[in-house]
C-alpha cells in the first residue's frame, strides 16, 4: 500500500498552462462614429486610437487636442490638450505607467499624462510614427512604423533603437500601418489591403489573422469591453472619417495597455466558455482560488511543486490481515522538460542520459543508484540495494543483508531481512523539470499495488524582482572622460569615450512612487510568496546615488542577505533566519487575527523581529506603491521568496529624491526701469529666463515655458495682486531665445519651470510695457527773442532757407552766450516710465561741433552722432554766431522721441539790473537783442513808467505799459529813469558791437545830459564802492559787477590835445531798496593821499562808473559820447586801465 509525502519546500498548486479558446476571428463586434470636439471639428485625418481601460483616446493630425470617446457609442466624454505640439498621430496606452504614448508632429514620441495633458519628450522616431505605435508591456518597449511603411522599428522606451525589421512580403502586398501587441505576438495591419497579420516578434513567421471590410490605421487591444461576451477585441480607426471598429479576437490573446491578457479563475465558474469548470478541471486556470488540499490538484497537471532540495518520502506497507512484509519499491522517473505540451526531443533526452520510449523520455536508470536513495525502517536507517529491470524499465530498490558471493541483484531479490514494519525510501529530484513519478510496492510474495502516478514540477529557480517608479522620474546617463564628468548626450559620436565609463543616476519626486514587481519565472513557477524590502536614507553621503555603478552594491554597503543569517540556540543547533520566518509565517496564518494584528503582513513582520531577530528596517511589500517623502539619497534593498522557499539574491537600487522645485529669475536684459512702485519695460526690452534646479539633489531642468497676459494696471503696482492672477492662452516653450512684448499696457509674465522629475513652479512678474516715446519740451530762457529778419538772412550763408524755416513759430531765436536753454522732455501717459536722457547735436556755422560740446557736458556720443546727457541739464552756447541745435528724448524703456531742431543767433551776454521800488536810474551797457521798451520791460509786472531825456531835442520821452508813450528804443549810452511799484530784476541781453554795424554813440549837448556806461566784458570789479558807501555793505552787489574809472569810461569826452575833461559834473542816483536811496557825485580825479604813488592812488581813490547805472553829466561843449578804450591822464601822461586789463 503506497503513500507519498513531500517534505519541507513542497506545495500543491495548479500548473500555468493556458490554452486559447477556439473563437470566431474578424467578426465585427461594434461599429461607431467618433464624435468630434469643437477643437477637432472637421479634422480630416485621424490615425490614432488607444484604449485606457475605460474610454477610447482619439487625436487629430492637425491639433494638439485628444478627444476622449465612449467605446459604447463614440460619444465625446471630454478632451485633453497637449501643449507644445501642432498635431497628434498614432498612440498607445501604457497600463503599466497609466499614461499615453503619443506620436506628435509626425516623428516625436512623447509620454502624456492624461490627467492634465502634460507630456515628456522621449525621442524622435526614425522613419516617423504617423500610423503605427504600440506599447509592449512584456519587456517595456515600443513598436513603431511610419506612414504606410515596410519598416518596423523596435525601441526601448528611452529611445534606444533595439532593432529594425523589414516587413516586405511578411504582411501581404500592402505596407504596414497599425500595430498592436498581444503577449508574444505582434498584430500588424496593412494599409489598403485591410488585413491583419499575426507575426512572431522577430518576424520569423507571420500568418493572416483576419480580413476586415474597412481601412485600417492604428490599432489597440481591448480584453475588457467585451469580456462579458467571452471574447477580446482589436479596435481600429479609419484615417479619414473617424469610423471606429471593434473586431473580435479570441479571449486571452491580446491584453489592453500592452499587458498580457488575464485569465480569471473563480472556483466553479466557466469564465472562458470551454464548458469546463475553471477549477479544478480547467487547465486554462492561471491562479486558482482554492489550493488547500493537494488531492484536489490531482489530474490538473501538477501534483507537487518541489525544489531539488525537497526530500520525497515513499513508504511501502504490507496491509492486514496477513502481511508478509519484505517490501520493495519499483518506480519510473520521466523527464517532461519545461512543459508537457511539447514533447522532449530525443537528442535532449539522450544528452541527459535518458531513454527515449514511445511514452516519452525516462531518466529511471539515472535514478537507479543506491546513493540517491536512503531507506528507513521504523525510523532507523537501513542499507538498500537497487537494480534496473531492462524488461519493465523500472528501478527496484529494497533493504538488504549483505551475503558473500551474492550479487546485488540476488541480494535485493532473495536475501531480505524479515520484519513487519513499513519501509520508507527518501530521494530528491536532480533536475529542474516536470517529472512523472510512477511507482508500485511489492511484497515478498510478489503482490503489488496498482501503479501510482504523480507529477512533480521541480523548481529551484528563485523569483525575480524588479523595481520601477511611477509618476515623475528621470534617469540621467552620465559619463566620465579623463576624470571629468559630462552628460552622455555630449559624448554621442565623440571619440575616446568608453561606454564602460558611463553610468545612470536616477531621480524621482516626492509625488513619485516606488513599485516592486516580482514574479516566479518560467518554466516551473511555484508562485510568489512574499517580497521584503528596506530603504535607508543618506543625508550626508551621496556617493551611493551619484555613482551607483561603484557603490550601490552589497560590498560597499556592507549588506548581508537576511535569509543567509544563521540562528543558533544554546545547544549550538542552528537554522537559517529564512526557516525561522517560514515558521513565523505559518504561525501568523493561523493566529494573526486572534493576536489582534491589523494584518497578516504586520504579524509576520513583528513576529520576525521578535522571534527571529530580523532587523526592523525590513518590511513586507504589500503591493502598494511606496512613497518617498524625504529629500536625499535613498538606498533600497529588496528580494522575493517563492512558495518553495527559493529566495532571490539581494537586489539594490540607489536613487535621489528631488523635492525642491526649480527656481527662476525673469531677466530684462535692457531698457528696464524700476521705481518704488512698479517695473517698466519697453517694446525693445529683451526678456529672458534664468532658471536652475535647486540643491541639494537637483534632477536638472526639463522644460521652461512662458506666456504673457494683459491685465489691469493695478497688478503692476501691487505684487500681492499680481501673484494672485492666473494668465490665459497657450504656453510657449522657452529655448534661451529672448522675447519681447510690443503692446502698451500692464502685462503678467508667467514662467513655468519644470525639472526632470516633473516638479514645476510658475513664477510671475507684472510689468508695465511703455511704448510711448517722450516728446521734446524745449524752453529758451532769458534773454531771448525770436530771431530778427536781419539775422535770418545773414544766417542763410550757413543754413540754407533759414528764413523759410524761421517762419514756423519757435524755430529760430536770438540769444546770448548765457541764455539758458532747457532741453526738457514730456513722457506721455498712460504708462510713463520717465525720461532717462536727452541726446543733442550742435552745429556752428554749418559745422558739426557736437563732440566738443559733449566733452564739456561729460556726455556720451552714440552711434547716431548725438551726445546723450541727463535730462534737465541747462544748455549754453559757447560761441557768438549762428547755431543749429537738435535733440530728442529717450525714456527709461529705450523709447526714442522725435527730433526737435531749432536755430539760434548767439550774440553777447545777459545782464541783470536790479530795480527797486520807486525811482531807479539805469542804463543798458550794450545794443539789445530787441530794443523795443515793450519787449525789454514786457516781462516785468511792476514797471509804472520809463523816462529818458533827449538833450539834443531838449525833451523828455516816456514809455508806459499802459497809456501814451513816445519812447521807442532803449539804447546804450542813454540813461533811463524807471519808476517801480515794487522790486524786480530786469534781464537783458545783447552785444556792444555787431558785424557790419556802426558801434553805438550818443550826441551830448552843452548842459545836462542823461547817459549810461558802455560795455560789460573788459572792465570787471568785484564790488560797487558807491553802493557800499551809500547803502551799507548789506546792500552790496548780488553778483559780479562791471565798470571803469570815471576818467577811463568818459575818455571820449576828453580834449585829446590837452587831456582835460569836457564835463564838470557827474552824478548818479543810487536806489538801495528798502526805501534807502540817494545821490552820489563822482570825481574823475583821484584823491591826494600824500605818499601814494600813481598806481596806488588810482586803485584806492578814483571813482568808477558801473554798467547798468545811469548818470547825469554836465557838458561844457557839444561832444559825441562813445565807448572808450584809451585812458590817458595828463598829470603823468600815462596810459592806464582797469584792474585786469592794462597794468598800471
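Miscellaneous remarks
- Set 586, 616, 630, 573: member being within 50 Å of the chain's Cα centre (by Cα) and without any contact (Cβ under 8 Å) to a residue 24 or more places away in the chain: 616
- Hey, residue 50 in contact with a strand residue (DSSP E or B) (Cβ under 6 Å, 6 or more places away or on another chain) and at pLDDT 90 or above or not: yes
- Scanning the stretch 148-163 for residues that are more than 35 Å from the chain's Cα centre (by Cα) and surrounded by fewer than 19 Cβ atoms within 10 Å (Cβ to Cβ) yields a count of 3.
- Residue match in the stretch 526-534 (condition: touching a residue at least 40 places away in the same chain (Cβ under 8 Å) and not in a strand (DSSP E or B)): yes
- Pair list, Cβ < 8 Å and 6+ apart or interchain, from the stretch 719-731 residues that are touching a residue at least 24 places away in the same chain (Cβ under 8 Å) to residues that are part of a loop (DSSP other than H, G, I, E, B): 730/83; 731/83; 731/84
- Filter result for residue 1113 (modelled with pLDDT of 85 or more, at negative phi and surrounded by 20 or more Cβ atoms within 10 Å (Cβ to Cβ)): yes
- Flag if residue 387 is touching a helix residue (DSSP H, G or I) at 6+ places or on another chain (Cβ under 6 Å), without any contact (Cβ under 8 Å) to a residue 60 or more places away in the chain and on the phi < 0 side of the Ramachandran plot: yes
- Residue within the stretch 289-299 that is at pLDDT 65 or above and either within 23 Å of residue 528 (Cβ to Cβ) or in contact with a strand residue (DSSP E or B) (Cβ under 6 Å, 6 or more places away or on another chain) (or both) present: no
- Scanning the stretch 675-691 for residues that are out of contact with any helix residue (DSSP H, G or I) (no Cβ under 9 Å at 6 or more places or on another chain) and at pLDDT below 85 returns 675, 676.
- The criterion of at least 1 residues that are surrounded by fewer than 15 Cβ atoms within 10 Å (Cβ to Cβ) and in the same structural domain as residue 516 (by TED's automatic domain parsing) is met by the following strands (runs of 3 or more DSSP E) wholly inside the stretch 572-672: 574-576.
- Filter result for the condition that a residue is at pLDDT 85 or above and either buried (at least 18 other Cβ atoms within 10 Å of the Cβ) or not assigned by TED's automatic domain parsing to the domain that holds residue 794 (or both), over 990, 954, 1015: 954
- Index of the failed condition, residue 935 passing every other in (1) out of contact with any helix residue (DSSP H, G or I) (no Cβ under 7 Å at 6 or more places or on another chain); (2) farther than 26 Å from residue 812 by Cβ; (3) in the same structural domain as residue 1080 (by TED's automatic domain parsing): (2)
- Qualifying residue in the stretch 221-233 (condition: at pLDDT 80 or above, touching a helix residue (DSSP H, G or I) at 6+ places or on another chain (Cβ under 8 Å) and either not assigned by TED's automatic domain parsing to the domain that holds residue 37 or not in a loop (DSSP other than H, G, I, E, B) (or both)): yes
- Residues in the stretch 358-379 that are farther than 13 Å from residue 426 by Cβ and loosely packed, with under 13 Cβ neighbours inside 10 Å: 358, 359, 378.
- Failed condition for residue 741, given (1) more than 19 Å from residue 690 (Cβ to Cβ); (2) surrounded by fewer than 20 Cβ atoms within 10 Å (Cβ to Cβ): (1)
The values are calculated or read from the model by the stated rules, or taken from the named source; none is laboratory data. What you see is a predicted model; the values in this text were computed from it and never measured. No Cβ is skipped: glycine too gets one built from the backbone with ideal geometry, and neighbour counts run over all protein chains shown.
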